[in-house]
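The structure appears right after this line, and notes come after that.
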Amino acid sequence: MQDFEGKTAVITGGASGIGFGLAGKCAELRMNVVIADIQQDARDAAVAALEERQAQVIGVDVNTMVKESIDNLLEESVAAFGNVHLLFNNAGVASMQGGKAVWEVPNSDWQWVMGVNFDGVLYGLQTFVPHMLEHGEASHIVNTASLAALMPSGGNYGVSKHAVFALTESLQRDLETRGANIGASVLCPGFVQTNIFDAERNRPEELSDSKPAPEITAQMAQMTKGMLEAGKAPSEVAEIVLDSIREDRFYILPHPAWDEIVEGRLRQVLARGPVASISPEVMMRKREAGEQL
C-alpha cells in the first residue's frame, strides 16, 4: 500500500500510546481516522487533539472483547468515511499479578488478557477482512504483538502476544494464497512510552475478582516506570510502522537492541536446549550504552 491520502484508518486502542501515535501519523498523511477506544475521556481528548490539526476524525466506543462491538466499529467507520483501508488491531492490556506462576493466575485474569490481546485481534480480522476483500482496494492490516512474542516467559501477557504473532503469520499466508490486495504486518515493539500498566481501570466488572492488590500494582508500576519512560516515543514507532506498510514489510521490530536476545532464544530452540533466559547483564550493558529497549 503506497497511497494514504483520503483513505481510512481504523485504530483500536487509538486514544493513547502507540495507538494515538498511529492516529497522529495517519492524520498527518491526510487519512480519515477512526479512533476506537473503550475509555471515553481519553477517546474524546484524542479526537479533539486531531481535530485541532484539521484532521478528518471520529471516535468510536469499542470493547474489543465483544465481537458485536467490533462489528459496530466497522459500521460506524463505513458510515463516516466509506471503505476502510488500514486496520490497526492495537488495543492491549497487561495484568500485574505480582510474579504468579501461570497456574496460579486466576481464570478471570486469563479471560481479560486473552480477551483483549488475542480475541480482539481475531474479531478484528473476522469483521474487517471480508470488508476489505469485498471492496478490493489496496489495504493493510497491522496486528500489535510485542517483543514478548519472541521471548520466553511473560505470563499470560506473553502467551497472548505469542498467539497474536502466530495468528498474523497465518493471516499473511492466507491472504497471499487467495491473491488478496491486502498486506499484513505484525508489530513487535519493546518498551514504548505508554500507559499500558494503567489498563486495570478498564477491566470489566465481571472479571474484577482477580485484580491484584493495590500494593502489588504500585510495586509493579514502579519497576516498569523507568523502562517505559526510557522507551521509544509512540510517534517514532508510528513512523516505523507506516514506513513498513509502504515497503510491505511483515515483521516490524522497532527496537533493534533486542535482536541479540531474540537470536539467543532462537539458537536455544534450534539447539534443542533448555528454555533461554534473558541475561540481566546484557540488559544492563545495553542500557548503559544508551540503547532503547
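Read-outs: derived from the displayed coordinates by stated rules, not from any lab. Predicted, not measured: the structure shown is a model, and the values here were computed from it. For neighbour counting, all protein chains shown are included, and Cβ atoms are generated from backbone atoms with ideal geometry for every residue, glycine included.
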Which of the trypsin sites (Lys or Arg not before Pro) found in the range 135-190 are in a DSSP loop and have at most 15 neighbouring Cβ atoms, other than their own, within 10 Å? ARG178
Env charge @ ALA149, Cβ radius under 13 Å, K,R +1 / D,E -1, value +1
Give a quick list of GluC sites (Glu not before Pro) in the range 1-73 that DSSP marks as loop, anything other than H, G, I, E or B, with at most 14 other Cβ atoms within 10 Å. GLU5, GLU52
Residues whose placed amide H lies under 5 Å from that of ALA94, excluding near-sequence neighbours: ALA199
How far apart, in nm, are two points set 7 Å out from the Cα along the Cα-to-Cβ line at ARG265 and at GLU75? 3.9 nm
In deg cm²/dmol and to the nearest 500, what is the mean residue ellipticity at 222 nm of the chain if only DSSP H runs of at least 4 residues count, each as -39500 (n - 2.57), divided by the residue total? -15000 deg cm²/dmol
Residues other than VAL33 with Cβ under 11 Å of its Cβ, Lys/Arg counted +1 and Asp/Glu -1, net out at +2
Once fully extended, how much extra length lies between GLU169 and HIS131, figured as 0.36 nm per residue of separation less the alpha-carbon to alpha-carbon distance? 11.7 nm
Pseudo-spin-label distance ASN202 to TRP103, built 7 Å along Cα→Cβ, given in nm, is 3.4 nm
Using only C-alpha atoms and all pairs of different ones, pull out the Kirkwood radius for the range 8-254 in Å with one decimal. 18.1 Å
Note: GLU52 to ASN83 extended length (0.36 nm per residue) minus current alpha-carbon separation gives 8.7 nm
So which trypsin sites (Lys or Arg not before Pro) in the range 45-137 pass both tests, a DSSP loop state and at most 14 other Cβ atoms within 10 Å of the Cβ? ARG53
Hits among aspartates and glutamates - C-alpha to C-alpha of LYS100 under 20 Å, sequence gap 8 or more where chains match: ASP109, ASP198, GLU200, ASP209, GLU215
I'd like the FRET efficiency for LEU29 and ASN181, computed as 1/(1 + (r/R0)^6) with the beta carbon distance as r and R0 of 22 Å, rounded to 0.05. 0.70
